[in-house]
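Enquirer: Dropping the structure in here first, questions after.
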Amino acid sequence: MTDALSLSSRSTAAVVVAAGKGLRTGGMVPKQFVEWRGKPLVRHSVEALVEAGIRPIMVAIPEGWEEVAATSLGGLADVRFVLGGETRQASVRVALEALEPDAPSQVLIHDAARPLLSQAVIGGLIEALQRGVATIPVLPVVDSMIRGERGAMAGKVEREELYRVQTPQAFDYSTILDAHRSWQGEPDAGDDAQVAVAAGHEVLLATGDEALRKVTFAADLEEQGMIRATRTGIGFDVHRLVEGEELWLCGVKVPHGKGLSGHSDADVAIHALVDALLGAVALGDIGDHFPPSDPQWKGASSDRFLAHAAHLARDAGYDIGNVDVTIICEAPKIGPHKTAMRKALARILGIDLDAVSVKATTTERLGLTGRGEGIAAQAVATVVAR
């Protein structure tokens, strides 16, 4: 739970606007349900709100997409759905009214097309809201600004008074609900801050986040043309094959007469990948974070280790660019399981499937892997600075 929220005595709910058709990304599926970094776009920010301890979360969705929405956000605590309206403003109003029985004290209103929502932004908004009834995250304008007229420069605009506005935007619940009910502006409002200002309320400014950019076009989903600092880590691990153990590789249970021996589930491929990720951000190795001497990790599923390493990398300011795992063994055959393994790793790491590679090789019957005594794995992970 974010610190500001835990310190606040006011109950906090959220509205996530995901009711648009999202056709500018060029697909047949609304962009909020398109898979991005291993999960539907809308799920990224909703998971961040859940992690912050915000309850309930009302998601406005387009009619006809109820089943897809339920699948996209399945398993998340206290996430509810409401059919959106013809405009963004109408969708927010419907969602706010659906929250009325819960009577929250304050509410965050967020656009699903901004997936990289950090706990720092949530905490900053909640903290700022203690000083007023409305607050929004903004970023300064760094480029020179001008006015244009008939295709030519007409005059300079002072950028010091200009800001880029983001979501989520935070409000006293009853205040923003009343403001939406009394909205008399254009058929749609650019954002909820405009609705609050039209109702006569002051909107405070909080610090936004460059990573909280809006996904609008297909290129935004692909993140083409972005040049950012990269770092690479490598990992290696080996475990003995023994009778009476299950064989787990890359988060997938593989049928085999033997399994790998270890303190956890001994998923040698994930262990190598954990070390690669930790190495990329210079945060030690798997033994530092999950020592085999600690009884709480006995028999633990290795996907917990990998999810933790991914979380540490993101907390350090890096996104996961791609990962590459090579499994070294004579048996079992890895080929039939590669797709399932890639999907499992993509899900755990929260990245796109095409950023995950799983390969296999043998040692031509040489050494411990060649004799079938064990399985080894090596991994490479690349992370990209935000």
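The values are calculated or read from the model by the stated rules, or taken from the named source; none is laboratory data. It should be emphasised that the depicted structure is a prediction, and the values quoted were computed from it without experimental measurement. Please note: Cβ atoms are built from the backbone with ideal geometry, for glycine as well, and neighbour counts cover all protein chains shown.
Enquirer: Check whether at least one residue in segment 48-69 is among the charged types (D, E, K, R), more than 21 Å from residue 176 (Cβ to Cβ) and within 17 Å of the chain's Cα centre (by Cα), and report yes or no.
Expert: Taking segment 48-69 first, the residues among the charged types (D, E, K, R) are 51, 55, 63, 66-67.
Going one step further and asking which of them are more than 21 Å from residue 176 (Cβ to Cβ), we end up with 51, 63, 66-67.
Applying the additional criterion that residues be within 17 Å of the chain's Cα centre (by Cα) yields 51.
Yes, segment 48-69 has at least one match.
Enquirer: Can you spot a residue in segment 180-203 that is closer than 16 Å to residue 114 by Cβ and either modelled with pLDDT of 95 or more or aliphatic (A, V, I, L, M) (or both)?
Expert: Yes.
Enquirer: Do any helices (runs of 4 or more DSSP H) entirely within segment 283-386 hold 1 or more residues that are in contact (Cβ under 8 Å) with a residue 60 or more places away in the chain and either crowded, with 18+ Cβ neighbours inside 10 Å or of a type outside the set (Ser, Thr, Tyr) (or both), and if so, which?
Expert: Here the list reads 303-315, 338-349, 367-370.
Enquirer: Now for a separate question. Just to check your reading of the model, which residue among 77, 70 is within 27 Å of residue 307 (Cβ to Cβ), of a type in the set (A, V, I, L, M, F, W, C) and modelled with pLDDT under 95?
Expert: 77
Enquirer: From the residues in segment 36-49 that are in a strand (DSSP E or B) and under 16 Å from residue 319 (Cβ atoms), which one is modelled with the highest pLDDT?
Expert: Looking at the filtered set, the residue picked out is 39.
Enquirer: Is there a residue being within 26 Å of residue 209 (Cα to Cα), modelled with pLDDT of 95 or more and part of a helix (DSSP H, G or I) anywhere in segment 94-110?
Expert: Yes, because at least one residue in segment 94-110 is within 26 Å of residue 209 (Cα to Cα), modelled with pLDDT of 95 or more and part of a helix (DSSP H, G or I).
Enquirer: For residue 211, are the conditions met, namely being buried (at least 18 other Cβ atoms within 10 Å of the Cβ) and touching a residue at least 60 places away in the same chain (Cβ under 8 Å)?
Expert: So residue 211 fails the test.
Enquirer: Sticking with this structure for a sec: Count, please, the residues in segment 253-273 that happen to be touching a strand residue (DSSP E or B) at 6+ places or on another chain (Cβ under 7 Å) and either among the aromatic types (Phe, Trp, Tyr) or buried (at least 23 other Cβ atoms within 10 Å of the Cβ) (or both).
Expert: Count: 9.
Enquirer: I need the full set of residues from segment 232-287 which are among the acidic types (Asp, Glu) and either closer than 17 Å to residue 348 by Cβ or touching a Pro at 6+ places or on another chain (Cβ under 6 Å) (or both), in order please.
Expert: 237, 265, 267, 275
Enquirer: Kindly indicate which of 77, 90, 120, 113 is farther than 19 Å from residue 56 by Cα, of a type outside the set (S, T, N, Q) and touching a helix residue (DSSP H, G or I) at 6+ places or on another chain (Cβ under 7 Å).
Expert: 113
Enquirer: For segment 161-191, give me each residue that is assigned to a helix (DSSP H, G or I), touching a Lys or Arg at 6+ places or on another chain (Cβ under 9 Å) and surrounded by fewer than 18 Cβ atoms within 10 Å (Cβ to Cβ).
Expert: Residue satisfying the conditions is 181 alone.
Enquirer: Let me ask another. With the requirement that a residue be part of a strand (DSSP E or B) and not aromatic (Phe, Trp, Tyr), what does segment 76-90 give you? Full working, then the answer.
Expert: Just the residues of segment 76-90 that are part of a strand (DSSP E or B), to begin with: 79-83.
Result: 79, 80, 82, 83.
Enquirer: Quick one: would you say residue 114 is crowded, with 19+ Cβ neighbours inside 10 Å and either assigned by TED's automatic domain parsing to the domain that holds residue 192 or not in a loop (DSSP other than H, G, I, E, B) (or both)?
Expert: Yes, satisfied.
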